[in-house]
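To keep things clear, I will list the structure first and then write my remarks on it.
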Amino acid sequence: MLQRPRRNRKNEVIRQMVQETHVSAANLIFPLFIIDGVNQKSEVASMPGIFRYSIDNLLREIESCLKLGLNSFDLFPNIAEELKDKFATESYRDKSLYLRAIREVKKNFPEACVITDVAMDPYSSDGHDGIVENGEILNDETLDILGKMALAHAQSGADIIAPSDMMDGRVGYIRNVLDDNGFTNVSIMSYSAKYASAFYGPFRDALNSAPKFGDKKTYQMNPANQREALIEAELDELEGADFLMVKPALPYLDVIKLIKDNTELPVAAYNVSGEYAMIKAAIQRGWLNEQRAITEVLTSIRRAGATAILTYHAKEVLENKWL
Ligand code: PBG
């Protein structure tokens, strides 16, 4: 045999020398859930180790992450039911929990990269990402609300705006609103290929944001489709997105790779709540080795082509020095 691929695996030094993919703290974005009140910290039942924090505790959590070299955070609010309405007006109210949280984080930690989620669902009495009329999700009318929300985030200090709603034309609409108001430097990380996935369940538990009727299939993508992701990615790129995101991550590694091969923009992937829950549940039962399973997941997402990974594992992999 002339070729013996095993020679390049014969010891740890050589294995590391030929390793093609690495995950580092710089690649990781940590999603954080916010809840109203003081000194609150409540665990999400379906996401062991993940908590909803009141703003004071959120600041403590971010401080401890920054010490680990984890510098990017994606914030999500848990909104009290009585503050929700059909038009998600709470999403751009000046004193809202979310806008206060953004301001506090940027005031205390200007160096932290704050990514904000633009979508109506946590604030919508219908639990949908758009305005509902006669059971339908209105596209163009929703853009106006998304624009107001994005502007409020930018005014509060957001570094990157991440529209996760999947309305048509929202990236361009938001880009125009930001630019018209002088926020030309605020970035857009678009959820380009966001699938109508079963893996968002634990997230909706965390925020109490599940749709009150129906599903999200008229706006989120069909899990069976790959080529359609290119349409979404191309449009977002033309409309001014700075990052293209694929979500979920693990069941859609092919989509990450496809988009990566068709854009020069950085690609992000969201390793979602259900993916986290699945891994943690098996670990709790002793069925998987925690360190190996989690690092393999993150490495695979990087290998597929994601530059940035939004993951609930971000803090634990750094705390435990698993990378
Ligand atoms: C909603 C939104 C969802 C997630 C991020 N933004 C859920 C949904 O579309 O219903 C899911 C994230 C996760 O599951 O971790 N705009």
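Since every read-out is calculated from the coordinates, none of them should be taken as a lab result. The structure presented is a predicted model; accordingly, all values stated were derived computationally and were not measured. Glycine gets a Cβ as well: all are built from the backbone with ideal geometry, and neighbour counts include every protein chain shown.
Just a few scattered comments:
- Exposed-loop-free span, longest in the chain, where GluC sites (Glu not before Pro) count as exposed if DSSP calls them loop and at most 12 other C-beta atoms lie within 10 Å: 112-263
- Assuming charge only on the beta carbon of Lys and Arg (+1) and of Asp and Glu (-1), the dipole of the chain about its Cα centre is about 1880 debye to the nearest 20.
- Max mean-square fluctuation residue, GNM over the chain, Cα-Cα springs under 10 Å, options Thr89, Thr116, Thr311: Thr89
- C-alpha center-to-center spacing [the stretch 131-195, the stretch 61-93] in angstrom: 16
- Global form of the stretch 143-245, assessed from the alpha-carbon gyration tensor, a/c cut-off 1.5: oblate
- Anisotropy class of the stretch 20-319 from Cα gyration tensor, a/c 1.5 cut: rounded
- The H on the amide N of Ile188, modeled in the peptide plane, is under 5 Å from the matching H of Ile161, Asp242, Phe243, each at least 5 residues off or on a different chain.
- Amide hydrogen neighbours beyond the local backbone of Leu32, cut-off 5 Å, H modeled: Asp74, Leu75, Phe76
- In nm, spacing of pseudo-spin labels at Arg100 and Met1 (7 Å Cα→C-beta vector): 6.6
- Segment His22-Asn134, length gained on full extension (0.36 nm per residue, minus Cα span): 35.4 nm
- Other residues lying with their Cβ under 14 Å from the Cβ of Ile55 contribute a combined charge of +3, Lys and Arg counting +1, Asp and Glu -1.
- Sorted by Cβ neighbour density within 10 Å, fewest at the top, the residues Asp129, Asp242: Asp242, Asp129
- Here's how it looks for Val118: its modeled amide H is under 5 Å from those of Ala162, Ser164, which are all 5 or more places away or on a different chain.
- In terms of distances greater than 32 angstrom between alpha carbons, the cross-link table entries Lys67/Lys217; Lys86/Lys315; Lys257/Lys280; Lys41/Lys194; Lys67/Lys247 yield Lys67/Lys217; Lys86/Lys315.
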